[in-house]
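Colleague: Next up is a structure, given as structure tokens.
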Amino acid sequence: MRQEFAKGLIYTHARLSENTKTTLEAAAFLYGLIELLTEKGLLTIEELDERKHEVSKRLVIKNRINEVGVLLQEPEYDKYSFKDEAIIDCEKRIHLCKAGCCRLPFALSKQDIREGVLHWDLGRPYIISQDKKGYCIHLQRGSFRCMVREYRAVPCRAYDCRKDNTIWLDFEKKIINPEILRDDWPHCVPFQDERS
Ligand code: SF4
Ligand code: SF4
């Protein structure tokens, strides 16, 4: 837990420093431009204030300011009425794939977060929590069973490994992609779009 908090703080501070630097640069550029335009009589402060108000309203909507720095499932579906579950013969393949699908990161939904069963990475809200080898922490290692099957997220329900060569080089011939089995398989790339 302590390590997760430390990771979270490092992430927050790094983002803050980067954002502050970018904001300062943008502000310097903008103030310089405003000064030039007012000096040349092309702009009045009143006009600028009025336009700033309009633009900031548009930006709040566009950038969904309340969720900056946070990854959430989008679009969000009610997982308990989700109809498009992928039906795959996992039992016959698990000895080959070793539940490689449960190494693919994805963002939780607001429903998952409110429910509080699925754990998310405190260092990267709201990506599913993974162990050091990149496996979802809800996967029972050894048996490769999902310990929260009833509560699993929409991406887990919808994910179709048949179409994903990250897992199968050839699904029908049961040829696994060896990369997904490697201990150091990269697991830090958010995977939300493909699984939603
Ligand atoms: S990778 Fe495919 S076959 Fe293997 S457990 Fe996941 S969904 Fe099932
Ligand atoms: S919640 Fe279950 S199905 Fe989803 S990634 Fe974790 S172990 Fe796999």
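The values are calculated or read from the model by the stated rules, or taken from the named source; none is laboratory data. Quantities reported herein were computed from a predicted structural model and do not represent experimental measurements. Cβ coordinates were reconstructed from backbone atoms using ideal geometry, including for glycine residues, and neighbour counts include every protein chain displayed.
Colleague: Of the residues in segment 127-156, how many are outside any helix (DSSP H, G or I), in contact with a helix residue (DSSP H, G or I) (Cβ under 6 Å, 6 or more places away or on another chain) and more than 9 Å from ligand 2 (Cβ to nearest atom)?
Modeller: Residues of segment 127-156 that are outside any helix (DSSP H, G or I), as a first pass: 127-148, 152-153.
After this cut, where a residue has to be in contact with a helix residue (DSSP H, G or I) (Cβ under 6 Å, 6 or more places away or on another chain) as well, the list is 134-136, 139, 144, 153.
Now narrow it down to the ones that are more than 9 Å from ligand 2 (Cβ to nearest atom): 134.
Number of matching residues: 1.
Colleague: Another question, if that's okay. When you scan segment 98-117, do you find a residue that is part of a helix (DSSP H, G or I) and at pLDDT below 90, even just one?
Modeller: No, because not a single residue in segment 98-117 is part of a helix (DSSP H, G or I) and at pLDDT below 90.
Colleague: I'd like to verify a number: residues in segment 24-50 that are of a type in the set (D, E, K, R) and touching a helix residue (DSSP H, G or I) at 6+ places or on another chain (Cβ under 7 Å), how many?
Modeller: Of the residues in segment 24-50, the ones of a type in the set (D, E, K, R) are 25, 35, 39-40, 46-47, 49-50.
Then drop every residue that is not touching a helix residue (DSSP H, G or I) at 6+ places or on another chain (Cβ under 7 Å), which leaves none.
Going through segment 24-50 one residue at a time, the tally reaches 0.
Colleague: Go through (1) among the charged types (D, E, K, R); (2) away from ligand 2 (no atom under 12 Å from the Cβ); (3) closer than 29 Å to LYS7 by Cα one by one and return the number of the condition ARG103 breaks.
Modeller: (2)
Colleague: Have a look at ILE113, ILE128, ILE88, ILE94 and point out the one that is within 10 Å of ligand 1 (Cβ to nearest atom) and either without any contact (Cβ under 8 Å) to a residue 60 or more places away in the chain or within 25 Å of VAL70 (Cβ to Cβ) (or both). Before you say what the answer is, go through the steps one by one.
Modeller: Details: ILE113 fails: within 10 Å of ligand 1 (Cβ to nearest atom); ILE128 fails: within 10 Å of ligand 1 (Cβ to nearest atom); ILE88 fails: either without any contact (Cβ under 8 Å) to a residue 60 or more places away in the chain or within 25 Å of VAL70 (Cβ to Cβ) (or both).
The conditions single out ILE94.
Colleague: Can you tell me which residue among ASP112, ASP121 is touching a Leu at 6+ places or on another chain (Cβ under 6 Å) and buried (at least 16 other Cβ atoms within 10 Å of the Cβ)?
Modeller: That would be ASP112, the only listed residue that is touching a Leu at 6+ places or on another chain (Cβ under 6 Å) and buried (at least 16 other Cβ atoms within 10 Å of the Cβ).
Colleague: Out of GLY8, GLY41, which single residue is touching a Leu at 6+ places or on another chain (Cβ under 6 Å) and modelled with pLDDT under 95?
Modeller: Sole residue among the options that is touching a Leu at 6+ places or on another chain (Cβ under 6 Å) and modelled with pLDDT under 95: GLY8.
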